[in-house]
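The values are calculated or read from the model by the stated rules, or taken from the named source; none is laboratory data. Here the structure is a predicted model, which is why all the values come from computation and not from measurement. We place every Cβ from the backbone using ideal geometry, glycine too, and count neighbours over all the protein chains shown. Just so you know, the surface numbers come from the protein's heavy atoms only, side chains and all, with ligands and any DNA or RNA stripped out. Shrake-Rupley method; radii C 1.70, N 1.55, O 1.52, S 1.80 Å.
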Amino acid sequence: MNYAAPFAANSLENHWMPFSANRDFKVEPRLVVKSQGMYLWDHKGGKILDGSSALFNVALGHSRPEIAVAVHAQLLENDYSPFFQMGHPGGFELARMVSNVLPDGFEHVFFVNSGSEAIDSALKIIMAYNQARGEASRVRMVSRERAYHGVNIGGTSLSGMVRNRDAFPLMMPHVAFMRHTWLPENRFTRGEGEHGVELADDLQRIVDMFGAKTIAACFVEPVAGSTGCLVPPKGYLKRLREICDKHGILLVFDEVITGFGRLGGPFGADVFDVKPDIITMAKAITNGAQPMGAVAVREEIYDTIVNAGQANVIEFFHGYTYSAHPTACAAGIATQRIFADEKIFYRAAAMSEYFLDKVYALRDIDLVTDIRGIGMMAAIDVKPDGAVGTRGTAMQKKLFWNGLHVKFTGDAGIIAPPLVAEREHIDELCHVLRTTLESIARA
Ligand SMILES: Cc1ncc(COP(=O)(O)O)c(C=O)c1O
């Protein structure tokens, strides 16, 4: 196959690419023209191992025929029908399936189109809940340094990744930030660090400062993903739960990356044995084949908002044209079936030890300053070279041409292969990482 042909026919000028150095990319384009299983192919015919499940979403490997067939059939049967004051079977079926894999008590699932929309929808659910339960003074949200909660205005307001908010001065007011959980004492720890549980007391300090009655919710990623796999210190999430319980604050786990097996259990809530009040998810819910996100809430939140007023009026004035889009539901149903049939969450747990052994073996490389990991996710920090992110961006490009996709944020490479990876894929991944890092160290 001539992979160059479709590329040669196109201009790169018109597409303003997201989260990209547009000018640099257009000088040295990296187009993916095919993806299958564990691999991507570029426009020059190069074969690239997918070391980050694309953007942490393609958990089952690329172009799964079961998902493609389901989406195709759905398009021919009912390409689109709205979910406002009417419905289609797929939305109900998928909500049931997702609820089945969530921790007990999450019986209600609200569909959206992305992780960012899941966060903004969660914010509105929290506001509506507090209004309905007579706690309207709870307007303040708590987030954390280095947090990533998507890029809509709500999520950007909660963002602890400074570059993601730098250029956008008009944000939601009343957001307080806890410290992040990266500590030098925990460097190269596998799983949860021994140090830092007391960082959870930042939430108590925010309560002491502003008063519990002003605080609505505390948002955390169980493992901060996009900033570079910050695994929480031992006991940290449990302590956050206790402080939330003491003060009537809702605990939100943003599981957009950590949901659906990534940490070696169905959700981070299961892995850390801490039950939040709200879980946001997206990414692997459809294996990346269709855009979709969701918010799941505990019974009491749903009851308070939905079962409070008159039965024949809309209870929650929120939703998107494409909430529970039929093709996204078809992709989601097919994905959830594969998760169950192939016991993917167990598989991820079983492969984790091998994966982490191999990744942590890279610590002897001179450029590597820290490694963190849990389940099937890890991050490698490399020594910066000038401005933060310069080396990371260069590394990501070099790895691509060397046959490996690893997503870098700043100078951290985030390694999260599809959960169907075999040992030989992990070996290949770590081999390319080692040779590339060593060649940069020598240069
Ligand atoms: C924890 C978390 N929340 C929200 C988002 C935003 O998701 P999306 O890019 O689908 O809007 C992401 C994306 O990486 C994420 O990691």
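Residues in segment 23-55 that are part of a loop (DSSP other than H, G, I, E, B) and at positive phi: GLY45 only. Restrict the check to segment 347-366 and report whether at least one residue is free of Cβ contacts under 8 Å to residues at least 40 places away in the same chain and within 25 Å of ALA269 (Cβ to Cβ). Yes, some residue in segment 347-366 is free of Cβ contacts under 8 Å to residues at least 40 places away in the same chain and within 25 Å of ALA269 (Cβ to Cβ). Applying the criterion of being touching a strand residue (DSSP E or B) at 6+ places or on another chain (Cβ under 7 Å) and among the polar types (S, T, N, Q) to the residues of segment 157-188, the residue that is farthest from GLY373 (Cα to Cα) is SER157. On inspection, LYS358 qualifies as open to solvent by 20 Å² or more (accessible area, probe 1.4 Å) and in contact with a Cys (Cβ under 7 Å, 6 or more places away or on another chain). When THR327 is tested against (1) of a type outside the set (Asp, Glu); (2) in contact with a helix residue (DSSP H, G or I) (Cβ under 8 Å, 6 or more places away or on another chain); (3) surrounded by fewer than 24 Cβ atoms within 10 Å (Cβ to Cβ); (4) without any contact (Cβ under 8 Å) to a residue 40 or more places away in the chain, just one condition goes unmet, and that condition is (4).
Restricted to helices (runs of 4 or more DSSP H) entirely inside segment 182-284, those with at least 1 residues that are closer than 28 Å to ALA349 by Cβ, open to solvent by 10 Å² or more (accessible area, probe 1.4 Å) and within 16 Å of the ligand (Cβ to nearest atom) are 268-271. Residues of segment 127-155 that are without any contact (Cβ under 8 Å) to a residue 60 or more places away in the chain, surrounded by fewer than 21 Cβ atoms within 10 Å (Cβ to Cβ) and in a helix (DSSP H, G or I): GLN131, ILE153. In summary, GLY61 fulfils each of the numbered conditions (1) open to solvent by 10 Å² or more (accessible area, probe 1.4 Å); (2) farther than 18 Å from GLU299 by Cβ; (3) touching a Pro at 6+ places or on another chain (Cβ under 6 Å) with the single exception of condition (1). Of the residues in segment 109-118, none is under 18 Å from ILE249 (Cα atoms), more than 16 Å from the ligand (Cβ to nearest atom) and in contact (Cβ under 8 Å) with a residue 12 or more places away in the chain.
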